[in-house]
Amino acid sequence: MQHDMQYSIQDPIYVLDNHKKSGRNTLTIERASELLRYVFEILWDKPDGLTANEVISLVPRVMHLTEYELEYSPKFNSPRYEKIVRITTIPLAYTGWLLKNDKGRWYITEAGYQACKQFVNVHEFYQEAIRLYNEHKQLAPESIMALETAQESAWGQIEKHLLQLKKSELQIMAGELLRAMGYFPSWMAPPEKQRGHVNLIAYTDPIGAKGQRILTQIIQKGQSVTLEGIKSFLAILGANDFGMIISMSGFTNQAIQVLSTDNFEKVSVLDAESFFDLWKKYYADISQEVRNLLPLKVVHFLSQFD
């Protein structure tokens, strides 16, 4: 292992080194490997992943941390181990073994599961990830970590904002989003009918001559939508209707598993993340008035990798 492979955390310098040392500022490759083993154990049976904050909060529950690692860092406004977890997982994200999406959710990829089978020894597993990272790295880990934490913080604020919107406001946003996607909203539920199965109707052509409609149900508060809830909505769809359910609280695992089957091909579902992804994709085509319900501003970062 080459010694130009060093990750530093500036409060104080916390160096990842290939040799065991007793200094309190040294994170050995053995210690980093041990920590990552527990990160993978936390995520192993979570196909939908966990947020970075959830993973980090679980680390002290499953492994013993040193006083130094638990010590509060004024610079980062958090216990020091949190930044250690973030910085040591960077090579795994680069190799494609650990996916970190732009909402701050972490997943083990299929390549990650295969790498675990190939490198049974966690030390060798991490050394291989670092070797691959060092071959093509372009940014210092601190720059990558800054982007990750910024994305997590931004999504946290956006998700909170979405949950605080009124149902009528989400209805307006959904209608404008459908218009931007090339559909033709024709009816929105008035305040006295907000509790019905249908909150919005759109046609696939300007005057509805083709008869194909998109019926949209919006669920702003409450628990995740169940399979029974989706079946209930499906029952009201006509032969030429397609359905869309927007739920800011998401959908149960059982519901998600069956949605890909033929029986549910006429129903599309959007949780907060997928709704926002569409909002972002069509943002330029959304009217300024409706944009104000969820205004976005682009902040540029250096690209992580080619």
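The values are calculated or read from the model by the stated rules, or taken from the named source; none is laboratory data. Keep in mind it's a predicted model, so treat the numbers as computed, not measured. Glycine gets a Cβ as well: all are built from the backbone with ideal geometry, and neighbour counts include every protein chain shown.
Where strands (runs of 3 or more DSSP E) fall wholly inside the stretch 207-284, the ranges with 3 or more residues that are outside the structural domain of ALA154 (by TED's automatic domain parsing) and β-branched (Val, Ile, Thr) are 213-219. Residue pairs whose Cβ atoms lie under 6 Å apart, separated by 6 or more positions or on different chains, with the first residue in the stretch 262-288 and under 11 Å from LEU177 (Cβ atoms) and the second of a type in the set (Asp, Glu) and buried (at least 19 other Cβ atoms within 10 Å of the Cβ), are ILE286/GLU176. Residue pairs whose Cβ atoms lie under 7 Å apart, separated by 6 or more positions or on different chains, with the first residue in the stretch 188-200 and assigned by TED's automatic domain parsing to the domain that holds GLN171 and the second of a type in the set (A, V, I, L, M) and assigned to a helix (DSSP H, G or I), are LEU200/ALA174.
Can you find, within the stretch 270-292, the residue that is nearest to LEU259 (Cα to Cα) among those that are touching a Gly at 6+ places or on another chain (Cβ under 9 Å) and among the aliphatic types (A, V, I, L, M)? I'd like the intermediate steps shown before the answer.
Within the stretch 270-292, the first condition is being touching a Gly at 6+ places or on another chain (Cβ under 9 Å), and the residues that meet it are 271-273, 290.
Then keep just the ones that are among the aliphatic types (A, V, I, L, M); that gives 272, 290.
Values: ALA272: 17, VAL290: 30 Å.
Ranking the candidates gives ALA272 first.
Could you tell me whether any residue of the stretch 142-163 is over 19 Å from LEU296 (Cα atoms), in contact with a helix residue (DSSP H, G or I) (Cβ under 6 Å, 6 or more places away or on another chain) and not aliphatic (A, V, I, L, M)? I'd like the intermediate steps shown before the answer.
The initial filter retains those residues of the stretch 142-163 that are over 19 Å from LEU296 (Cα atoms), namely 142-146.
After this cut, where a residue has to be in contact with a helix residue (DSSP H, G or I) (Cβ under 6 Å, 6 or more places away or on another chain) as well, the list is 144-145.
Next cut, not aliphatic (A, V, I, L, M) only: none.
No - not one qualifying residue is present in the stretch 142-163.
Checking each residue in the stretch 48-106 for being surrounded by fewer than 16 Cβ atoms within 10 Å (Cβ to Cβ), in contact (Cβ under 8 Å) with a residue 24 or more places away in the chain and part of a helix (DSSP H, G or I) picks out ASN53, VAL62, TYR68. Inclusion of SER73 among residues that are in contact with a helix residue (DSSP H, G or I) (Cβ under 7 Å, 6 or more places away or on another chain) and in the same structural domain as ARG131 (by TED's automatic domain parsing) is warranted.
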